[in-house]
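Remarks on the structure that follows.
The values are calculated or read from the model by the stated rules, or taken from the named source; none is laboratory data. Quick caveat, the model's predicted, so the values are computed rather than measured. Just so you know, the surface numbers come from the protein's heavy atoms only, side chains and all, with ligands and any DNA or RNA stripped out. Shrake-Rupley method; radii C 1.70, N 1.55, O 1.52, S 1.80 Å.
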Amino acid sequence: MDYHMNQWANPKRSTIAFNDFFSKKIESATSILDIGTGAGAATNFISESHPNVKFKGVDISPELIQIAIEAASVSKSDPNKISFEVGDWFNLNQARGEFDGVISLQTISWIS
């Protein structure tokens with residue numbers, strides 16, 4: 001748990017670099033889906049940099065989504081701007097047409 005909460009308090013350099021790289025694309029969106037959001041720290045960091053964009057983080061792990069929900073509730077995250085839910089990126093039909101873009105930052109760290 002400490003590992004995940006530390007990421008909420010201290011974003012990783014890779015999260016900051018990802019945000020900087022995609023910032024122009026994200027700021028023109030109204031809603032972004034983050035698939036494989038993990039415990040939500042990166043999604044939260046990016047959402048704080050883009051106050052006019054709504055974010056939804058989806059992960060297959062109920063445990064990580066619970067951490068994300070709890071961390072968001074004690075942080076300064078706006079619940080109307082960021083949300084988290086359990087989901088499988090191979091079955092995202094419920095999200096079709098709802099988002100302007102999709103990111104998957106946490107997934108990159110698991111690719112060999």
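GNM on the chain, C-alpha springs below 10 Å: top fluctuator among LEU64, LEU33, LEU92?
LEU92
Would you list the P(r) distribution for region 11-95, with all Cα-Cα distances sorted into 10 Å bins from 0 and each bin expressed as a whole %?
19, 52, 29, 1
Can you show me the helix-derived [θ] at 222 nm for the chain, built from DSSP H runs with n ≥ 4 at -39,500 (n - 2.57) apiece and divided by the number of residues, rounded to the nearest 500. Could you put the intermediate results ahead of the total?
Values: 5 runs with 49 residues, N = 112.
The helix contribution divided over the chain gives -12500 deg cm²/dmol.
Would you mind getting the accessible area per residue of the chain, heavy atoms of the protein chains only, 1.4 Å probe, in Å²?
The answer is 62 Å² per residue.
Once neighbouring chains are kept in place and the probe is 1.4 Å, which whole percent of the accessible area of the chain is contributed by carbon and sulfur? Display every interim value, and only then the final one.
Values: 3850 of 6920 Å².
Using a 1.4 Å probe with all protein chains present, the chain comes out at 56 percent carbon and sulfur.
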